[in-house]
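Beneath this line is the structure, given in structure tokens, with notes to follow.
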Amino acid sequence: MTLKTRVLFLCVANAARSQMAEALLRHTDPEGYEVCSAGTQPGAVDPRARMALEQLGVSTDGLHSKALEQFDYVITLCDKSAFECSTLPGAGEYIAWDFEDPASSSQKDAYKHCLQQIHERIKMFVLVKSKASTPVQMLAPVTLFKCLADDTRARMTQLIVQEGELCVCELTAALQESQPKISRHLAQLRSSGLLQDRRAGQWVYYRLHPHLPAWVRQTLAQVLTANDPQLAEDRLRLHSMRDRPGRAALCG
């Protein structure tokens, strides 16, 4: 069974824009995504948002203001929530969108207009992510080399190959980079088909995709034989890290 991609839409009040996005993505691809919305200062769902969705034929069942959880993607829908979201842990990738708040708009049919804008962005998001899910057997050499051309991604990949699997916090400590930067690069490596992630409790672990072509694994193994001194330094910091998440109770 294929695990659904978990997406959180975030705005301030969780009253209109994020509720619309939640309903639209669930309506667009219910099999591929587990969708939720939340607010940094949650209130109640705006009845005008419900009306706009229902007029489009999109179900509003289950829509209510919610608190924050952990997700593969956190998508903000306004600048204020984007700023506050930058400090939140637990997302594989942060994406910032910005739509005018229909509640403060003087435009006629503001909620309908906002809904249409979000709908178009949702459809583009699903299209892009579905293309990123191309079978890894089709991974082209140029894609691999583009991934490894970036210093941070090359170091991360070597460390994951060496260690088997690592989580964001471990890579952050080993490479001495910020969590958002590490998360962005991990998302690129996962989208390319090079890495696969697994969720275990509060942790998300990244490892080489199990169905990578043999030539990719051989290439990465060959790279390790170069005994890169930078990799040795990264591994030293990794193994000196305090409070590393344990795996014995997580793997099974």
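Each of LYS123 and ARG237 was given a label point 7 Å from its Cα along the Cα-to-Cβ line. The distance between the two points is 4.5 nm. Residues whose amide H falls under 5 Å from that of VAL204, counting only those 5 or more places apart or on a different chain, are VAL168, with hydrogens built in the peptide plane. Among the GluC sites (Glu not before Pro) in the range 1-64, those located in a DSSP loop and surrounded by at most 11 other Cβ atoms within 10 Å of their own Cβ are GLU31. Between GLN176 and THR152, the contour length at 0.36 nm per residue exceeds the Cα-Cα span by 7.6 nm. Helical runs (DSSP H, four residues minimum) scored at -39500 (n - 2.57) apiece and divided by the length of the chain put the mean residue ellipticity at 222 nm at -14500 deg cm²/dmol.
The loop-placed trypsin sites (Lys or Arg not before Pro) in the range 169-252, going by DSSP, that have at most 16 neighbouring Cβ atoms within 10 Å of their Cβ come out as ARG242, ARG247. Residues MET241, MET124, MET156, arranged from fewest to most other Cβ atoms within 10 angstrom of their Cβ, appear as MET124, MET241, MET156.
Each listed q (0.23 Å⁻¹) maps to a log10 I(q)/I(0) for the range 5-131, found by the Debye formula over equal Cα scatterers with no solvent: -1.52.
Ordering LYS146, LYS129, LYS108 by the number of other Cβ atoms within 10 Å of each residue's own Cβ, fewest first, gives LYS108, LYS146, LYS129. The mean sequence distance of close C-alpha pairs (under 8 Å, at least 6 residues apart), as a share of the length of the range 136-239, puts its relative contact order at 37 percent. Relative to the dominant Cα principal axis of the chain, helix 179-192 is inclined by about 80°. Taking every lysine pair in the range 5-131 that is 8 or more places apart or spans two chains, those with Cα atoms closer than 25 Å amount to 9. Close amide-amide hydrogen proximity is noted between ILE95 and VAL74, ILE75, THR76, each under 5 Å apart and 5 or more residues distant or on a separate chain (H modeled in the peptide plane; Pro and chain starts excluded). Expressed to the nearest 5 percent, the antiparallel share of DSSP beta bridges inside the chain is 35 percent.
By other beta-carbon atoms within 10 Å, ranking ASP234, ASP109, ASP101, ASP243 with the fewest at the front produces ASP243, ASP109, ASP101, ASP234.
Each value in this text was obtained by applying a stated rule to the coordinates, not by laboratory testing. Note that the coordinates shown come from a computational prediction; the quantities given were computed from them, not determined experimentally. Cβ coordinates were reconstructed from backbone atoms using ideal geometry, including for glycine residues, and neighbour counts include every protein chain displayed.
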